[in-house]
2 protein chains.
Amino acid sequence: MAENRRGQHSFVLPQMPVITHWASVAGKKEAEGPLGKTFDLTCMDAYFGQKTWEQAEKQMQKLALEKLIEKAGLSHSQIGLVFSGDLLNQCIGSSFTLRNTGMAHIGLYGACSTMAESLLMGAMAVSGGFSDRVIAMTSSHFASSERQYRFPLGYGGQRTPTAQWTVTGSGAALLCSAGIGPRIDSCTVGTVTDLGVKDASNMGCAMAPAAYETIRTHLEDLHRTPEDFDLIVTGDLGQLGKEMLMELARLDGVYLGGRLTDCGTLVFDNTTQDVHAGGSGCGCSTITLCGELLGKLKTGKLQRILFCGTGALLSPTSTQQGLPIPGICHAVSIIAGGD
Amino acid sequence: MAENRRGQHSFVLPQMPVITHWASVAGKKEAEGPLGKTFDLTCMDAYFGQKTWEQAEKQMQKLALEKLIEKAGLSHSQIGLVFSGDLLNQCIGSSFTLRNTGMAHIGLYGACSTMAESLLMGAMAVSGGFSDRVIAMTSSHFASSERQYRFPLGYGGQRTPTAQWTVTGSGAALLCSAGIGPRIDSCTVGTVTDLGVKDASNMGCAMAPAAYETIRTHLEDLHRTPEDFDLIVTGDLGQLGKEMLMELARLDGVYLGGRLTDCGTLVFDNTTQDVHAGGSGCGCSTITLCGELLGKLKTGKLQRILFCGTGALLSPTSTQQGLPIPGICHAVSIIAGGD
């Protein structure tokens, strides 16, 4: 199978997995944003009917998972594997969602890159013949993230202009060995890249070097150019991180300009929603993919995208110990199909 | 490839990945235990020369990784993918180990089941033809775990008799598409199983139902019996969890008795080392595998084992919110080979 490995970190999929169905769940602020109409479910209650924000996040994943299974007309027992993770310590959003469902679970941690990571691993499992139906899923919640990574919300801390707003949302996608829908043709696994950024309020710039490293690797390994894609979509670099990524590419002689966009700049309207540098979190790229992007790939409005999940691999402990913020980015190339 | 899927959660590997090399690093207490002579590196300093326990854990993983690569005679650039994770919030042990090494990284979270999870995913990647050389790796550290999950060590909290002792250690294994060594012939992915145990000082009993569920599934899916294995080795159920697992099996008409052992009961000598119900942590199963078990599979003293990584998917937050402790268990069947 040497043709599967053009480069060490990239692989093309001999049997392209089909993303037959997807579902998304979002919170109030996201519902009021530019993508509001693309979500399957939205909820005006930040608690999603639960007692705590962590349980609200679990509830969102549960709603996304059940909505996906309903749309696909399947039962739990017909799902092979579920690849999922989230930002909560010990990934309790995913674990408690899957508790006693009987579905086999591979837990991932890739910070905000988790949707791309789970698609990539799911694609490997389906294309390798290990499963016929796999779910890729993740979530994030503004309030559970703020109190875990930053300050208690009640403290009312001032946010810096470089800060981003964690998206409250969850998305899930079903990858199948057969069926109709957009298909994953190739992937690139990221490397942990760190240029020394230590400002935990400027995650976009901390992640931009990892994003460029993965995009460069993908293009080189698979002999592609930015023009091979309608869009190169990063997960949550936000406005500043996106500018830094363009600059890193420009210094390297690569023009990403017209093709590059970032889910963190798509999900909110910064002129009216005051999210500073843009959206962030696992949910940011997930709800943008499982609605807007896959929708346009299904109808052929987009022919091919490079979906690049970006993650900042810090913890409050590493930051308190004075360490920089390593970034990672996984890339998944998705081609149109469906209508 | 229908023969790859006898059951939904289990798969046999058409191309059996070979575990050509492995390496382990352990702390003082582990070095003084029954497996002391099987580790590649041991260190009497709990800080491993670093300033903090979290950095000590990173250092252990780094030592295990470098030792493995040295034993295999490879360079970083010859490694395809690294599957790793740990117990630290946001898995900073793994992320900081791989920072700027240029190695592609898939971050996993499976609590103490991580070594089995990473072997399973690595086996999928190699057998599916996506990579020729993959590393599976994890770690845990007594002091970083205690302060993250329980109490500050200086507080000197009394431990209950059901409590287990987190192993300070790291292990890494190299899976290759060709070569000589023990081989992975099949795997079973676990489900998140929860019978309602809420006592965070009795993790063995919280995880035992998940362990039994996965062992039962493996035997059923692949039409095997316990007698097909020299050993069925769970990761860190400890003495109490092991007894509960035997009882759960017995109630189901399955006799595991003579075949069953648990890394948590092997790694320390409870008559002299006072670890209460036994060892635990990602490092527990990892250093037992990457020394004692793989060593005996290499020389043929063991012909086939079912390595069952067990994980408790709780967080301090879920416990404080009154939730039970979901467990998971991933199983990897390894057959002898090497000498």
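The values are calculated or read from the model by the stated rules, or taken from the named source; none is laboratory data. Predicted model only: the values in this text are computed from it and were never measured. A quick note on method: Cβ atoms are made from the backbone with ideal geometry, for glycine too, and the neighbour counts reach across all protein chains shown.
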Which condition from (1) assigned to a loop (DSSP other than H, G, I, E, B); (2) more than 11 Å from chain B (Cβ to nearest Cβ); (3) at pLDDT 95 or above is the one that A:Ser170 breaks? (1)
Check whether at least one residue in region B:313-322 is modelled with pLDDT of 95 or more and either more than 14 Å from every other protein chain (Cβ to nearest Cβ) or touching a Gly at 6+ places or on another chain (Cβ under 6 Å) (or both), and report yes or no. no
In region B:45-57, which residues are of a type in the set (D, E, K, R) and without any contact (Cβ under 8 Å) to a residue 40 or more places away in the chain? B:Asp45, B:Lys51
Of all residues making up region A:186-229, the number that are touching a strand residue (DSSP E or B) at 6+ places or on another chain (Cβ under 6 Å) and in a loop (DSSP other than H, G, I, E, B): 5
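Looking at A:Leu289, A:Leu297, which one is more than 20 Å from A:Thr114 (Cα to Cα) and either crowded, with 24+ Cβ neighbours inside 10 Å or in contact with a Ser or Thr (Cβ under 7 Å, 6 or more places away or on another chain) (or both)? Quick ask: steps written out before the conclusion?
Details: A:Leu289 fails: more than 20 Å from A:Thr114 (Cα to Cα).
After applying the criteria, what remains is A:Leu297.
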Cβ-Cβ under 8 Å, sequence separation 6+ or interchain: first residue in region B:98-118 and touching a residue at least 24 places away in the same chain (Cβ under 8 Å), partner among the charged types (D, E, K, R) and outside any helix (DSSP H, G or I). Which pairs? B:Cys112/B:Asp236; B:Thr114/B:Asp86
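Condition check: within 13 Å of chain A (Cβ to nearest Cβ) and either among the charged types (D, E, K, R) or within 27 Å of A:Tyr212 (Cα to Cα) (or both). Does B:Ala111 satisfy that?
Working: within 13 Å of chain A (Cβ to nearest Cβ): yes; either among the charged types (D, E, K, R) or within 27 Å of A:Tyr212 (Cα to Cα) (or both): no.
Spelling it out, it is not the case that B:Ala111 is within 13 Å of chain A (Cβ to nearest Cβ) and either among the charged types (D, E, K, R) or within 27 Å of A:Tyr212 (Cα to Cα) (or both).
Could you tell me which of the residues B:Ser145, B:Ser77, B:Ser113, B:Ser95 is within 28 Å of B:Ile335 (Cα to Cα) and hydroxyl-bearing (Ser, Thr, Tyr)?
Details: B:Ser145 fails: within 28 Å of B:Ile335 (Cα to Cα); B:Ser77 fails: within 28 Å of B:Ile335 (Cα to Cα); B:Ser95 fails: within 28 Å of B:Ile335 (Cα to Cα).
Sole residue among the options that is within 28 Å of B:Ile335 (Cα to Cα) and hydroxyl-bearing (Ser, Thr, Tyr): B:Ser113.
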Of the numbered conditions (1) assigned to a loop (DSSP other than H, G, I, E, B); (2) closer than 26 Å to A:Asp262 by Cβ, A:Gln8 satisfies every one except a single condition; which is it? (2)
Mind listing just one residue for me: the one in region B:134-178 that is buried (at least 24 other Cβ atoms within 10 Å of the Cβ) and β-branched (Val, Ile, Thr) and, of those, nearest to the chain's Cα centre (by Cα)? B:Thr138
Give the residues of region A:269-291 that are over 9 Å from the mean Cα position of the chain (by Cα) and touching a residue at least 12 places away in the same chain (Cβ under 8 Å), sorted by residue number. A:Asp269, A:Asn270, A:Gln273, A:Val275, A:His276, A:Ala277, A:Gly278, A:Gly279, A:Ser280, A:Cys290, A:Gly291
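I'd like to verify a number: residues in region B:11-49 that are within 30 Å of A:Gly129 (Cα to Cα) and either modelled with pLDDT of 95 or more or part of a strand (DSSP E or B) (or both), how many?
First, pick out the residues of region B:11-49 that are within 30 Å of A:Gly129 (Cα to Cα): B:11-22.
Applying the additional criterion that residues be either modelled with pLDDT of 95 or more or part of a strand (DSSP E or B) (or both) yields B:11-13, B:16-22.
Within region B:11-49, residues that are within 30 Å of A:Gly129 (Cα to Cα) and either modelled with pLDDT of 95 or more or part of a strand (DSSP E or B) (or both) number 10.
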Only listed residue being more than 22 Å from A:Leu294 (Cα to Cα) and basic (Lys, Arg), chosen from A:Lys67, A:Lys51: A:Lys51
Could we say that B:Phe96 is of a type in the set (Phe, Trp, Tyr) and either in contact with a His (Cβ under 9 Å, 6 or more places away or on another chain) or surrounded by 24 or more Cβ atoms within 10 Å (Cβ to Cβ) (or both) here? yes
Index of the failed condition, B:Phe96 passing every other in (1) part of a helix (DSSP H, G or I); (2) more than 10 Å from chain A (Cβ to nearest Cβ); (3) aromatic (Phe, Trp, Tyr): (2)
Anything in region B:175-218 that is acidic (Asp, Glu) and either within 13 Å of another protein chain (Cβ to nearest Cβ) or under 30 Å from B:Arg159 (Cα atoms) (or both)? List them, or say none. B:Asp194, B:Asp199, B:Glu213
Going through A:Leu313, A:Leu294, A:Leu266 one at a time, which residue ends up being closer than 23 Å to A:Thr217 by Cα and either over 14 Å from the mean Cα position of the chain (by Cα) or in contact (Cβ under 8 Å) with a residue 40 or more places away in the chain (or both)? A:Leu313
Hits in region A:223-275 - residues which are more than 14 Å from A:Cys329 (Cβ to Cβ) and among the hydrophobic types (A, V, I, L, M, F, W, C): A:Phe229, A:Leu231, A:Leu240, A:Met246, A:Leu251, A:Val254, A:Leu266, A:Val267, A:Phe268, A:Val275
Test set (1) surrounded by 24 or more Cβ atoms within 10 Å (Cβ to Cβ); (2) of a type outside the set (A, V, I, L, M); (3) within 9 Å of another protein chain (Cβ to nearest Cβ) - B:Gly102 fails condition number: (1)
Taking A:Thr114 as meeting all but one of (1) outside any strand (DSSP E or B); (2) out of contact with any Cys (no Cβ under 7 Å at 6 or more places or on another chain), write down the number of the exception. (2)
Take B:Gln15 and tell me if it is surrounded by fewer than 24 Cβ atoms within 10 Å (Cβ to Cβ) and over 23 Å from B:Ile334 (Cβ atoms). no
